[in-house]
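For reference, the structure discussed in these notes is given below.
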Amino acid sequence: AKARGRNGYQFYAASMSGEGLERLRLEALLRRAIEKNEIYLHYQPQVDIATRQLIGVEALVRWHNPELGQVAPVRFIPVAEDTGFISQLGQWVLAEACRQMICWDTAGLRVPKMAVNLSVRQFERGSIAPMVASVLQEAGLEAQRLQLEVTESVIMNTGDALGYVNDLRAVGVGLAIDDFGTGYSSLAYLSQLPVQTLKIDRSFIQDISTDANDEAIAVAIIQLGKSLNLSVVAEGVENEEQAAFLLRHGCRHAQGYLYSRPVAPDDLLAQWGQGHDE
Ligand code: C2E
Ligand code: CA
Ligand code: CA
Ligand code: CA
């Protein structure tokens with residue numbers, strides 16, 4: 001209900017004290033978060049299901065603020081997107097992830113591939129290929145070891161998406177479609193995209209052994225990947241039953257709590273570095 005006349009503003013101000021104010025506060029704190037060193041990355045292994053070998057990691061951004069405590073990405077990424085801060089944040093994440101690969105190399109752990117998430121908003125101000133190329137060069141990381149994850153919404157909601165994605169491909173980085181199956185990409189369009197990987201969304205993996213529909217969708221995505229010659233990574237694999245199902249249906253790669261939660265760089269090194277227990 002809308003308040004009338006003179007009370008209108010007060011009413012609005014009162015409603016702002018809830019979610020709106022919370023958001024403003026997040027926004028203000030987030031703006032300073034990078035310079036205050038409150039932002040950092042955790043890395044989640046991607047593995048070969050059959051051999052349990054490390055095939056790559058996904059960088060996942062973390063924010064710890066002294067006032068707010070730990071803030072989940074699902075809370076602050078949308079704020080960063082709405083305010084445009086995502087461009088700065090996204091570039092920081094990319095640079096940090098690339099630097100980390102070289103650190104692990106130096107420490108004797110060769111992680112084959114680093115996957116980094118991109119937001120649809122990072123595509124709004126034109127091609128980000130030059131930025132990606134310069135970040136790679138600065139870090140000294142070969143482009144082939146970087147994979148950028150984009151969702152179907154990036155591809156469907158960006159004017160010149162195909163052009164931008166081709167630009168990135170020309171830099172030499174790999175491309176993955178994240179949360180595959182939850183968006184609206186047309187299959188015809190998919191065959192034109194220069195992507196190498198499909199990531200099956202966690203929602204389909206979750207109930208794989210109890211929900212016949214989810215099972216059918218997961219199998220269809222695996223088949224699609226095969227037909228288009230793409231590698232398929234299952235997200236959110238939490239138990240052996242799901243892993244066995246995936247392997248049986250020809251999906252070789254997975255990521256999920258069964259293998260590891262997202263971890264700090266040193267923990268990844270301890271877990272997968274030289275002399276780790278197989
Ligand atoms: P996402 O890209 O789909 O990342 C996977 C999310 O699933 C991560 O949540 C990860 O911790 C979680 N996950 C992994 N394995 C399992 C599992 O076995 N079970 C369950 N229940 N969850 C699992 P997180 O780190 O909270 O990130 C949430 C989302 O925030 C990401 O979803 C991504 O969309 C976004 N995000 C995270 N980091 C970045 C970033 O650097 N840039 C951008 N643009 N978005 C990011
Ligand atoms: Ca992702
Ligand atoms: Ca995902
Ligand atoms: Ca997701």
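The values are calculated or read from the model by the stated rules, or taken from the named source; none is laboratory data. Here the structure is a predicted model, which is why all the values come from computation and not from measurement. Note: ideal-geometry Cβ built from the backbone for every residue, glycine included; neighbour counts use all protein chains shown.
Every residue, every condition in (1) buried (at least 16 other Cβ atoms within 10 Å of the Cβ); (2) assigned to a strand (DSSP E or B), yes or no:
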position: 30; (1), (2): yes, no
position: 37; (1), (2): no, no
position: 42; (1), (2): yes, yes
position: 51; (1), (2): no, no
position: 56; (1), (2): yes, yes
position: 78; (1), (2): no, no
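For the stretch 101-127, a tally of residues being within 12 Å of ligand 1 (Cβ to nearest atom) and among the β-branched types (Val, Ile, Thr) returns 2. With respect to the conditions (1) at positive phi; (2) surrounded by 18 or more Cβ atoms within 10 Å (Cβ to Cβ), residue 225 falls short on a single one, namely (1). Evaluating residue 261 against the criteria (1) closer than 27 Å to residue 146 by Cβ; (2) away from ligand 4 (no atom under 16 Å from the Cβ); (3) not hydroxyl-bearing (Ser, Thr, Tyr) leaves one unmet condition, (2). Considered as a group, the residues in the stretch 188-218 that are outside any strand (DSSP E or B), closer than 19 Å to residue 148 by Cα and of a type in the set (A, V, I, L, M, F, W, C) include one that is modelled with the highest pLDDT, and that residue is 195.
Screening the candidates 124, 96 for the property of being within 21 Å of residue 155 (Cα to Cα) and touching a residue at least 12 places away in the same chain (Cβ under 8 Å) yields one hit, 124. Scanning the stretch 19-57 for residues that are in contact (Cβ under 8 Å) with a residue 60 or more places away in the chain and touching a Phe, Trp or Tyr at 6+ places or on another chain (Cβ under 7 Å) gives 45, 47, 54, 57.
May I ask you to list the residues in the stretch 58-70 that are away from ligand 4 (no atom under 16 Å from the Cβ) and surrounded by 19 or more Cβ atoms within 10 Å (Cβ to Cβ)? Hit for the stretch 58-70 is 63, nothing else. When each of 164, 184 is tested for being closer than 23 Å to residue 94 by Cα and aromatic (Phe, Trp, Tyr), the lone residue that passes is 164.
Scanning the stretch 166-192 for residues that are within 20 Å of residue 56 (Cβ to Cβ) and more than 16 Å from ligand 1 (Cβ to nearest atom) yields 169, 171, 172.
Considered as a group, the residues in the stretch 45-70 that are more than 16 Å from ligand 2 (Cβ to nearest atom) and out of contact with any helix residue (DSSP H, G or I) (no Cβ under 8 Å at 6 or more places or on another chain) include one that is farthest from residue 148 (Cα to Cα), and that residue is 66. Selection of the stretch 158-200 for residues being among the charged types (D, E, K, R), crowded, with 16+ Cβ neighbours inside 10 Å and away from ligand 4 (no atom under 16 Å from the Cβ) yields 167, 169. Please work out if residue 117 is buried (at least 21 other Cβ atoms within 10 Å of the Cβ) and either without any contact (Cβ under 8 Å) to a residue 24 or more places away in the chain or not small (Gly, Ala, Ser) (or both). So residue 117 fits the description; yes. Check whether at least one residue in the stretch 195-209 is in contact with a Phe, Trp or Tyr (Cβ under 7 Å, 6 or more places away or on another chain) and more than 24 Å from residue 113 (Cβ to Cβ), and report yes or no. The answer is yes, given that some residue of the stretch 195-209 is in contact with a Phe, Trp or Tyr (Cβ under 7 Å, 6 or more places away or on another chain) and more than 24 Å from residue 113 (Cβ to Cβ). Taken over the stretch 139-164, the residue count meeting the criterion of being within 16 Å of ligand 2 (Cβ to nearest atom) and free of Cβ contacts under 8 Å to residues at least 40 places away in the same chain is 7.
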